[in-house]
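Q: Let me give you the structure first, and then I'll get to my questions.
The numbers here are math on the coordinates, done by the rules we state, and not lab data. Treat the numbers as computed from the prediction; the structure is a model and nothing was measured. Positions of Cβ are generated from backbone atoms using ideal geometry, with glycine treated the same way; all protein chains shown enter the neighbour counts.
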Amino acid sequence: MADTADTPAQNSSDASTGSERVEIRTPTVADGTSLWRLAAGTGVLDVNTPYAYILWARDFAETSVIAEVDGEPAGFISGYRRPSDPETLFIWQVAVDSRFRGRRLASRMLTTLVDSAAPHRLETTITSDNAASIALFTGLARDKNAEITTTTLFDEAIFPSADESGEVHAAEDLYTVAPLS
């Protein structure tokens, strides 16, 4: 894998692997539909309306990233600073198009975002069966020489019933990575 050159003023990083060009940058409103398509394409993320992703790209762009491979949307991470604790970056969704998996794109996006946002602490929620996300955030903790802790945040009982929502939602465990410097 080639070295990644960061351009913090644009929250962008470029890397070339072989003949492909990877750009990781701050999303724009024009990227909102692509974020929605990427989320829907995973088949596992809770997908919100396209409007929500367009608003996200407007209001939380500085704490989110989109990755493009050869100019094509390939993945994104959406996050925000917790209002009650602005030193904490909460990661809401991580999505990588199946055609671009196995290239460490999620790890590269997460590192770019953490380096750009410079939080003291990172939080995310993960269901217990999501080995890929657990590995992603465990790897970040290792790479940043930080501790990772896990607690139950939302158990199944807090979500609407399957009869009401059309789905069974598993418990969401809170993963905290800290300290980040």
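Q: In region 99-129, which residues have a backbone nitrogen under 18 Å from the label point lying 7 Å from ARG142's Cα in the Cα-to-Cβ direction?
A: Label zone hits: 102-112.
Q: How large is ³J(HN,Hα), in whole Hz, for each residue of region 60-66 in order, when computed from phi with the Karplus curve 6.51 cos²θ - 1.76 cosθ + 1.60 and θ = phi - 60°, using x for Gly and Pro?
A: Using θ = phi - 60°, the values come out as 10, 4, 5, 10, 9, 9, 10 Hz.
Q: Excluding VAL177 itself, what net charge comes from residues whose Cβ is under 12 Å from its Cβ, given Lys and Arg +1 and Asp and Glu -1? Each step should come with its number before you reach the end.
A: Details: positive: ARG121, ARG142, LYS144; negative: GLU123, ASP143, GLU147.
Result for the local shell: 0.
Q: HN-Hα J couplings of region 146-162 from phi, Karplus 6.51/-1.76/1.60, θ = phi - 60°, integer Hz, Gly and Pro as x?
A: Once θ is set to phi - 60°, the couplings for region 146-162 become 10, 8, 10, 10, 9, 9, 6, 9, 10, 7, 4, 5, 6, 7, x, 5, 4 Hz.
Q: Hey, another quick one. Quickly estimate the mean residue ellipticity at 222 nm for the chain, helices only: each DSSP H run with n ≥ 4 gives -39500 (n - 2.57), and the total goes over all residues, rounded to 500.
A: Values: 5 runs with 51 residues, N = 181.
Mean residue ellipticity, 222 nm, calculated: -8500 deg cm²/dmol.
Q: Provide the net charge surrounding ASP155, with neighbours chosen by a C-beta distance below 11 Å and charges set as Lys +1, Arg +1, Asp -1, Glu -1. Show your work: numbers first, answer last.
A: Working: positive: none; negative: GLU156, GLU172, ASP173.
Here the charged neighbours net out to -3.
Q: Using a basic spin-label model with each label point 7 Å from the Cα along Cα→Cβ, how many nm lie between ARG101 and ASP115?
A: Taking the simple label geometry, ARG101 and ASP115 are separated by 2.6 nm.
Q: Which whole number of Å³ per residue matches the convex hull of the alpha-carbon atoms in region 90-181? Show your work: numbers first, answer last.
A: Numbers: hull volume 9.7 nm³, N = 92.
Residue-normalised Cα hull volume stands at 106 Å³.
Q: All other residues with a Cβ under 10 Å from the Cβ of ILE126 taken together, and with Lys, Arg as +1 and Asp, Glu as -1, what is their net charge?
A: Numbers: positive: none; negative: ASP129, GLU172, ASP173.
Overall, the nearby charge balance is -3.
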